Amino acid sequence: MPDDVREVIIIGSGPAGLTAAVYAARANLHPLMIEGVDAGGQLMLTTEVENYPGFPEGILGPDMMARFREQAERFGTEFVTANVSKVDLSARPFSVWVDDEEHRSRAVIVSTGARARMLGLESEAQLLGHGVSTCATCDGFFFRDQEIAVVGGGDSALEEALFLTKFATKVTLIHRRAELRASKIMQDRAFANERIEFLWDSVVEDVLGDQTLSGLRVRNVKTDAVSELPVTGMFVAIGHFPNTNLFDGQLDRDDEGYVLTKGLAGETPATATNIEGVFACGDCVDHVYRQAVTAAGMGCQAAIDTERWLEAKAHEERSA
Ligand code: NAP
């Protein structure tokens, strides 16, 4: 392989990618991380993180990602702060472009994450992390004894609403139709929960509040009547998108675009993709757990799988 070919390029810099970088760097693989212009992933959009082990006092999402990055850099990870524009995984070494600049590597770790579908209101973006959340598991605890709203009518929305009733005194589920999309069993559970109220045929038109959320302006789509809902939190649960368009036609993905992985040589853990030498981890693979700690764990697995695969390839080449 020519000198300019790296051992591994990591695409994406959330907990999965940066953990993969720490492990790959400590295994002397000299990783190059292409971290994106909005580096750090979804935790950059949160405030307090209280469920990441090792931070008993909690830590701000952006501060935690700065620490992840510092740790990856300490062991020699190099960073390019730009978005990947194109990849060619059809032959090894693989090519990854940032605009016109081509980077080549023996292995690639894909950790491009996912993003929550949002309503698209300016006020929603302004109060993200200050009353607006996309993760009940992460932020539910902050809404103890308060009244909050969940937007959406699918399984995620009902799951979030049910979870949030452990903390909130009342959860109003706002759905744009009069019928839920969620599975029957989730509907039954939600209807049976006295703390959940339903606001049917309704859409959020504005998120109210200056520094923190103080209410929602809601419009009934059938009558056009506008009302104010006095809540202190809004959980948006209208779906997620994996950031995997870059790999169209190259990596096998499921119907929703999440990268499909399988165990190396039939083993689990499973970070190998359909392309030998390309591994994937974190929220671009996992649409079930979606936690920083599970993404980090999977990043570790991807780095170990990569290291073992590179070692096996080097051994093959030496003995050829
Ligand atoms: P989903 O099933 O696509 O549901 C999205 C919901 O958000 C729908 O009710 C949709 O309304 C609503 N919505 C979409 N865009 C909206 C907008 N701009 N404004 C207002 N409402 C909007 O997504 P999901 O709930 O995230 O679930 C994704 C997949 O994961 C599903 O297959 C689900 O079954 C699965 N999942 C399963 C579980 C479980 O089994 N425990 C838990 C979570 C997720 P409409 O209904 O009007 O389209």
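Readers should treat all values here as calculations from the given coordinates under stated rules, not as data from a laboratory. Since this is a predicted model, take the numbers as computed values, not measurements. Don't worry about glycine lacking a Cβ; one is built from the backbone with ideal geometry, like all the others, and counts go over all protein chains shown.
Sparse packing (at most 16 other Cβ atoms within 10 Å of the Cβ) combined with a DSSP loop state is found for the following GluC sites (Glu not before Pro) in segment 122-181: E179. Summing Cβ point charges (Lys, Arg +1; Asp, Glu -1) relative to the Cα centre of the chain gives a dipole of roughly 580 debye. Label positions at E194 and H315, each projected 7 Å from the Cα along the C-beta direction, are separated by 6.3 nm.
So which trypsin sites (Lys or Arg not before Pro) in segment 216-290 are both in a DSSP loop and have at most 16 other Cβ atoms within 10 Å of their Cβ? Those satisfying the criteria are K222. Segment Q211..N28, full-extension length gain: 61.3 nm, with 0.36 nm per residue of separation and the alpha-carbon distance subtracted. The alpha-carbon of K170 sits under 27 angstrom from the alpha-carbons of these lysines, leaving out residues fewer than 8 places away in its chain: K184, K222.
The peptide list 181-188, 195-202, 21-28, put in order of mean Cβ contacts within 10 Å with the highest first, becomes 21-28, 195-202, 181-188.
Sorted fewest first by neighbouring Cβ atoms within 10 angstrom, E48, E102, E317 come out as E317, E102, E48. If r is the Cβ-Cβ distance from F141 to N245 and R0 is 51 Å, what FRET efficiency results, to the nearest 0.05? For F141 and N245, the calculated efficiency is 0.90. What aspartates and glutamates sit close enough to K313 to cross-link, taking a C-alpha to C-alpha distance under 13 Å and skipping anything fewer than 8 places away on the same chain? By straight Cα distance, K313 reaches E7, E276, D305. Between the C-alpha center of segment 62-133 and that of segment 248-264 there is a gap of 18 Å. Calculated mean residue ellipticity, 222 nm, the chain: -8000 deg cm²/dmol, from DSSP H runs (n ≥ 4) at -39500 (n - 2.57) each, averaged per residue and rounded to 500.
If you take the square roots of the eigenvalues of the alpha-carbon gyration tensor of the chain and sort them as a ≥ b ≥ c, do you get rounded (a/c under 1.5), prolate (a/b over b/c) or oblate? Walk me through the numbers before you get to the answer.
Details: a/c = 2.34, a/b = 2.11, b/c = 1.11.
Note, shape of the chain comes out prolate.
Of T306, T47, T172, T223, the sequence from fewest to most neighbouring Cβ atoms within 10 angstrom is T223, T47, T172, T306.
Would segment 118-236 count as rounded, prolate or oblate if I go by the C-alpha gyration tensor, calling it rounded below 1.5 in a/c and otherwise prolate when a/b exceeds b/c, oblate otherwise? Note, shape of segment 118-236 comes out oblate.
For M33, M118, the sequence from fewest to most other C-beta atoms within 10 Å is M118, M33.
FRET efficiency for the V293 to K170 pair, using the beta carbon distance and R₀ = 30 Å, is estimated at 0.50. Local charge sum around A91 (other residues, Cβ-Cβ under 12 Å, Lys/Arg +1, Asp/Glu -1)? Once positives and negatives cancel, what remains is +1.
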